[in-house]
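Working notes, structure below.
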Amino acid sequence: MRKIRLGVLGSGSGSNFQALLDASQSGTLDAQIVLVLSDVVGAGILERARNANIPTGLIDCRGCTSKFPLEAQQETAGTLKKAAVDLVCLAGFMRMIKSPLLEAFPGRIINIHPSLLPAFPGLEAWKQALDAGVAETGCTVHYVDAGMDSGEIILQAAVPVLTDDTATTLHARIQLQEHRIYPLAVNIIAATIP
Ligand code: GRF
């Protein structure tokens, strides 16, 4: 079976990218990471990719703060297509994906989110869970659609909320599960891509 080609998009430290990379290097990922793109010049994800000799690129958001301009999405789609990417993995990418990119990769963009969706979509989901006083939260890998963390769920893992949890400790435990399930979800999808 061929290894599908992954493009990873991230804005932050890139620990989920690292989990995918580690799985790829240890031979447990049915995919190869061919490109990492970020909208943040100094993002840790870019440094991790460079250290692993994986091609990187910067998404030019034209100085935008939170939106992802349509021309920038078109350019990003072109860059991913040029690299013959089969599956796009969002790993801490902080901009909403809209039609130019969604149309270029229908059913081929996935995201990891730090809650048991549909509970707590949006930012800092671990804080939302803590504030809501739930006994259990977790993480979700899901397909990306035009909504906010609303696409079809692929895989989830539960994480208990402990009585002495802070936002930091809870997020750290959720991330351990993220790093475990993201490679598993990629393998589930890889099995469906010829
Ligand atoms: C993760 O918690 C992920 O669930 C969310 O953004 C965070 C990215 O962390 N979408 P990292 O950059 O992979 O460390």
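The values are calculated or read from the model by the stated rules, or taken from the named source; none is laboratory data. Here the structure is a predicted model, which means the values were calculated and not measured. All Cβ positions, even for glycine, are placed from backbone atoms using ideal geometry, and neighbour counts span all protein chains on display. Surface areas here come from the heavy atoms of the whole protein model, side chains and all, with no ligands, DNA or RNA. Shrake-Rupley method; radii C 1.70, N 1.55, O 1.52, S 1.80 Å.
A few points about this structure:
- Candidate aspartates and glutamates for bridging to Lys67, where Cα separation is under 17 Å - those fewer than 8 sequence places away on the same chain excluded: Asp39, Glu75, Asp145, Asp149
- Alpha carbon centroid spacing (whole Å) that separates the stretch 13-72 from the stretch 143-182: 20
- Ranking Ser115, Val144, Val85 by how far each Cα lies toward the positive end of the dipole of the stretch 74-144 (charges on Cβ) leaves Val85 at the top.
- In order along the stretch 160-172, the Karplus-derived 3J(HN,Hα) couplings, from 6.51 cos²θ - 1.76 cosθ + 1.60 at θ = phi - 60°, round to x, 8, 8, 4, 9, 5, 10, 4, 5, 5, 5, 4, 4 Hz, and Gly and Pro are given as x.
- When a 1.4 Å probe is rolled over the protein heavy atoms, the share of accessible surface on the chain that falls to carbon and sulfur comes to 56 percent.
- Exposure rank, largest accessible area first [Thr76, Thr28, Thr56; 1.4 Å]: Thr28, Thr56, Thr76
- Normalised by the number of residues in the stretch 58-180, the average gap of Cα pairs under 8 Å and 6 or more apart makes the relative contact order 20 percent.
- Vicinal HN-Hα couplings computed from phi for the stretch 33-42 (Karplus, 6.51 cos²θ - 1.76 cosθ + 1.60; Hz; Gly/Pro x): 8, 9, 7, 10, 10, 9, 9, 10, 3, x
- A simple charge model with +1 on the Cβ of Lys and Arg, -1 on the Cβ of Asp and Glu and nothing else charged puts the dipole of the stretch 1-128 at about 140 debye relative to its Cα centre.
- Relative contact order (percent, whole number), the stretch 1-120, Cα cutoff 8 Å, 6+ residue spacing: 30
- Anchor Lys81: lysines whose Cα lies under 21 Å away (excluding residues fewer than 8 positions away in-chain): Lys3, Lys98
- Once the C-beta distance of Ala135 and Leu176 is scaled by a Förster radius of 25 Å, the resulting FRET efficiency is 0.85 to the nearest 0.05.
- Average accessible surface for the stretch 56-194: 49 Å² per residue, computed with a 1.4 Å probe over protein heavy atoms with every protein chain in place.
- Protection proxy ranking of 168-176, 130-138, 33-41, by the mean of other Cβ atoms within 10 Å over each peptide's residues and highest first, is 33-41, 168-176, 130-138.
- Theoretical FRET efficiency, 1/(1+(r/R0)^6), r = Cβ-Cβ of Thr79 and Thr168, R0 45 Å, to 0.05: 0.85
- Sparse-neighbourhood loop sites, trypsin sites (Lys or Arg not before Pro) in the stretch 70-162 - DSSP loop, at most 15 other Cβ within 10 angstrom: Lys98
- Most mobile of Gly122, Gly63, Gly107 in a GNM of the chain (Cα contacts under 10 Å): Gly63
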